[in-house]
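Have a look at the structure below, then the notes.
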Amino acid sequence: MHRFVYVSTATGPLSAHQIADIAGACHRNNRRAGLTGILVVHQGKFFHILEGDETAIRRRAQKIQDDPRHSTFEVIEAREIQRRAFVDWTFVHEMPERLPLLGTENVATLRDLMPINSPLRGRDLSVRHMVRDFLASFKQLVAA
Ligand SMILES: Cc1cc2nc3c(=O)[nH]c(=O)nc-3n(C[C@H](O)[C@H](O)[C@H](O)COP(=O)(O)O)c2cc1C
């Protein structure tokens, strides 16, 4: 079991369609590949945790890294883990209701992630700290 965590920056302003497209790809591919975790999109920044089989993660991470929609890819963690911190895959956005989603994606609002005890932050302390630090990196969190 492996965990891969990074932050990156959108290369330009992302339209609601582009964000929904990324959420759709995650939904389509991650579940099928047994990948769990979260992708938080906020103010042009991405925070991504992927957990699962190492080969599956490497394969998908390569595609993600090659994606021109973001850059300044900063790996926070890439290591073997004993157990998953997440039971599912979730996409987090400040206003998911504004995105043209299919409706089947597992989405949550940034507001749901904000409480320090939010179950969305995962069940591992080090992971919860990474989520906390990412959220703390914003001067102001804009949540609906
Ligand atoms: C920040 C960011 C995170 C992404 N995360 C994922 C992901 O977790 N899973 C995924 O399948 N695609 C993700 N994508 C999209 C991939 O870069 C790529 O477009 C997609 O995997 C291609 O899907 P396909 O193999 O079905 O054509 C992400 C893109 C960006 C910009």
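Taking segment 30-45 on its own, how many of its residues are over 15 Å from residue 74 (Cα atoms), surrounded by fewer than 16 Cβ atoms within 10 Å (Cβ to Cβ) and free of Cβ contacts under 8 Å to residues at least 60 places away in the same chain?
Total satisfying the criteria: 3.
Scan segment 1-16 for residues that are more than 9 Å from the ligand (Cβ to nearest atom) and assigned to a strand (DSSP E or B) and report the count.
6
All but one of (1) farther than 24 Å from residue 126 by Cβ; (2) surrounded by fewer than 19 Cβ atoms within 10 Å (Cβ to Cβ) hold for residue 20; which doesn't?
(2)
Determine whether residue 123 is over 23 Å from residue 18 (Cα atoms), charged (D, E, K, R) and over 16 Å from the mean Cα position of the chain (by Cα).
no
For segment 108-132, which positions are assigned to a helix (DSSP H, G or I) and over 20 Å from residue 36 (Cβ atoms)? Lay out the reasoning, then the answer.
First, pick out the residues of segment 108-132 that are assigned to a helix (DSSP H, G or I): 110-113, 119-121, 125-132.
Result: 111, single match.
Could you please find all residues in segment 17-60 being of a type outside the set (A, V, I, L, M), more than 8 Å from the ligand (Cβ to nearest atom), on the phi < 0 side of the Ramachandran plot and not in a helix (DSSP H, G or I)?
Answer for segment 17-60, where residues must be of a type outside the set (A, V, I, L, M), more than 8 Å from the ligand (Cβ to nearest atom), on the phi < 0 side of the Ramachandran plot and not in a helix (DSSP H, G or I): 36, 42, 45, 47, 51, 53.
Every residue in segment 3-17 that is more than 22 Å from residue 139 (Cβ to Cβ) and surrounded by fewer than 19 Cβ atoms within 10 Å (Cβ to Cβ), please.
Selection gives 15, 16, 17.
So, residue 113, is that one within 14 Å of residue 41 (Cα to Cα), surrounded by 19 or more Cβ atoms within 10 Å (Cβ to Cβ) and either touching a Lys or Arg at 6+ places or on another chain (Cβ under 7 Å) or free of Cβ contacts under 8 Å to residues at least 12 places away in the same chain (or both) or not?
Numbers: within 14 Å of residue 41 (Cα to Cα): yes; surrounded by 19 or more Cβ atoms within 10 Å (Cβ to Cβ): yes; either touching a Lys or Arg at 6+ places or on another chain (Cβ under 7 Å) or free of Cβ contacts under 8 Å to residues at least 12 places away in the same chain (or both): yes.
Answer is yes for this residue.
Note down all Cβ pairs under 7 Å where the first residue falls in segment 68-96 and is among the small types (Gly, Ala, Ser), the second is surrounded by 15 or more Cβ atoms within 10 Å (Cβ to Cβ) and part of a strand (DSSP E or B), and they're at least six residues apart or on different chains.
Every condition considered, the pairs that remain are 71/8; 78/4; 85/51.
Read-outs: derived from the displayed coordinates by stated rules, not from any lab. Nothing here was measured: the structure is a model prediction, and the numbers come from that model. Note that each Cβ is placed from the backbone with ideal geometry, even for glycine, and that neighbours are counted across all protein chains shown.
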